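The values are calculated or read from the model by the stated rules, or taken from the named source; none is laboratory data. Note that this is a predicted model, so its numbers are computed, not measured. Glycine also receives a Cβ, built like all others from the backbone with ideal geometry; neighbour counts cover every protein chain displayed. These accessible areas exclude ligands, DNA and RNA; they are computed on the full protein's heavy atoms, side chains included. Shrake-Rupley method; radii C 1.70, N 1.55, O 1.52, S 1.80 Å.
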Amino acid sequence: MQVAENVTSLPLARPQTEQFRLAALQRYQILDTGPDADIDFLTGLAARLCGMPLACVALVDSERVWFKSGHGVPTHALARDDSYCALAVLGDGMTEISDVQQDYRTAAMSWSVQAPQVRHYCAAPLLSPDGYPLGTLAVLADQPGQLDEQQRSTLQQLARQIMAILDRNVAQAELARVLQERELLATTDELTGLHNRRSLQQKLTFEVARARRFRSHLSVLMLELDQLAGLRASVGPAAAEQVLASVGQLLRDNVRVIDVPSRYNDTQFCILLPNTPPDGAHILAGNLRRKIAGQLQQLAQRALTLTATVGVAALDFMDINDGDSLLQQAERALNQASGERAGAQPLHG
């Protein structure tokens, strides 16, 4: 007869500070992550030093217990009410059950009645810096028993080492996030969300080198909003910034992932087009001009439309063979196109 036959598993209590405990657990962003060699080593070490055949690192989520590491036990998730570790987070000290098959709280749990047929369970809590138990480092055996004081102390020390690893991982992830954010700020134009001039230069250097190596096409569009200076004078700088941000979004939405749309200066945009021949760049230039002209700008209770002038340049590996000459040629093409459009109608609404 199964030990837990005719025994019903009871719903386990929740800590009074459960919402704060779960918030602390979520801050670690560890649930459902891959194996960690350092944690796996400490899990196996806990089993050896405590003289137990089984060990695990378990994290107690809202409705499940998820196993980050296991030594001799399956590392899947269990329902929270079906796990010894859910009992261990009810306090912040050691939890030991000499025979789980004789304890009414645990006798019907799956590990008590099925493989690994646990009898003895002892766990040290994994405490966050603010004192919330996130889970446990537990050792288990298939025979009843009890750890001595030295083994209990060792288990607690190893649990603290595991928390130190988790805290280290969080700190490293936060550092990586901050560095990525700083890099983004350093390479992104705050108003338009496009690459800034510095980022454009870096990308241009790389793309020119790649185009030279593979003899591939590389083109550049230089785009200027025709009425922006007049708009600043008539409606104000805030309205001009709104227009720039709107056009920046339009450019992001209408270029490829490999293209590099950037804010070149106060009134001009530059788009780097890898693997794009001149005729393809001219097609894109025409499309962007039509889309900008078709984009209605709502400014100061006025509906306005804009026009744009575009200059196109491409590497030819002779006269235009580096980034500086490519940009200079695009600027010359823009100035020429602007001269040709000098008689065009101004901003209208």
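Observations, loosely collected:
- Counting the residues of the stretch 228-267 that are basic (Lys, Arg) and without any contact (Cβ under 8 Å) to a residue 40 or more places away in the chain gives 2.
- Within the stretch 332-346, if we keep just the residues that are open to solvent by 60 Å² or more (accessible area, probe 1.4 Å) and either in a helix (DSSP H, G or I) or under 13 Å from ALA308 (Cβ atoms) (or both), the residue that is modelled with the lowest pLDDT turns out to be ARG341.
- Residue within the stretch 124-143 that is under 18 Å from ASP61 (Cβ atoms), outside any helix (DSSP H, G or I) and free of Cβ contacts under 8 Å to residues at least 40 places away in the same chain present: yes
- Selection within the stretch 252-278: residues that are within 14 Å of ASP226 (Cα to Cα) and part of a strand (DSSP E or B). The member of this set that is farthest from the chain's Cα centre (by Cα) is GLN268.
- Checked against (1) β-branched (Val, Ile, Thr); (2) modelled with pLDDT of 95 or more; (3) closer than 19 Å to SER338 by Cβ, VAL260 meets all criteria but (3).
- Scanning the stretch 161-172 for residues that are of a type outside the set (Val, Ile, Thr) and surrounded by 14 or more Cβ atoms within 10 Å (Cβ to Cβ) yields GLN161, MET163, LEU166, ASN169.
- Residues that are within 18 Å of PRO125 (Cβ to Cβ) and either touching a helix residue (DSSP H, G or I) at 6+ places or on another chain (Cβ under 8 Å) or without any contact (Cβ under 8 Å) to a residue 40 or more places away in the chain (or both), drawn from the stretch 24-42: GLN26, ARG27, TYR28, ILE30, LEU31, ILE39, LEU42
- Of all residues in the stretch 254-269 being within 18 Å of ARG197 (Cβ to Cβ) and of a type in the set (S, T, N, Q), the one that is least open to solvent (accessible area, probe 1.4 Å): SER262
- Counted as qualifying within the stretch 25-116 are the helices (runs of 4 or more DSSP H) with 1 or more residues that are surrounded by fewer than 18 Cβ atoms within 10 Å (Cβ to Cβ), namely 37-49, 110-113.
- Within the stretch 85-135, the only residue that satisfies the criterion of being touching a Pro at 6+ places or on another chain (Cβ under 7 Å) and hydroxyl-bearing (Ser, Thr, Tyr) is SER98.
- Of all the criteria given as (1) under 16 Å from LYS68 (Cα atoms); (2) surrounded by fewer than 24 Cβ atoms within 10 Å (Cβ to Cβ); (3) in contact with a Cys (Cβ under 7 Å, 6 or more places away or on another chain), the one not satisfied by THR154 is (1).
- Looking across the stretch 232-253, the residues that are open to solvent by less than 50 Å² (accessible area, probe 1.4 Å) and out of contact with any Gly (no Cβ under 7 Å at 6 or more places or on another chain) come down to VAL235, GLY236, ALA239, ALA240, VAL243, LEU244, ALA245, SER246, VAL247, LEU250, LEU251.
- The listed residue being of a type in the set (Gly, Ala, Ser) and within 21 Å of ALA313 (Cβ to Cβ), out of ALA285, ALA245: ALA285
- Candidate set from the stretch 279-319 (those that are farther than 16 Å from SER338 by Cα, open to solvent by less than 20 Å² (accessible area, probe 1.4 Å) and modelled with pLDDT under 90); member that is farthest from the chain's Cα centre (by Cα): LEU304
The rows are residues; the columns are (1) of a type in the set (Val, Ile, Thr); (2) in contact with a Leu (Cβ under 8 Å, 6 or more places away or on another chain).
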| residue | (1), (2) |
| --- | --- |
| GLN26 | no, no |
| ASP36 | no, no |
| HIS71 | no, yes |
| ARG80 | no, yes |
| GLU96 | no, yes |
| GLN101 | no, no |
| THR106 | yes, yes |
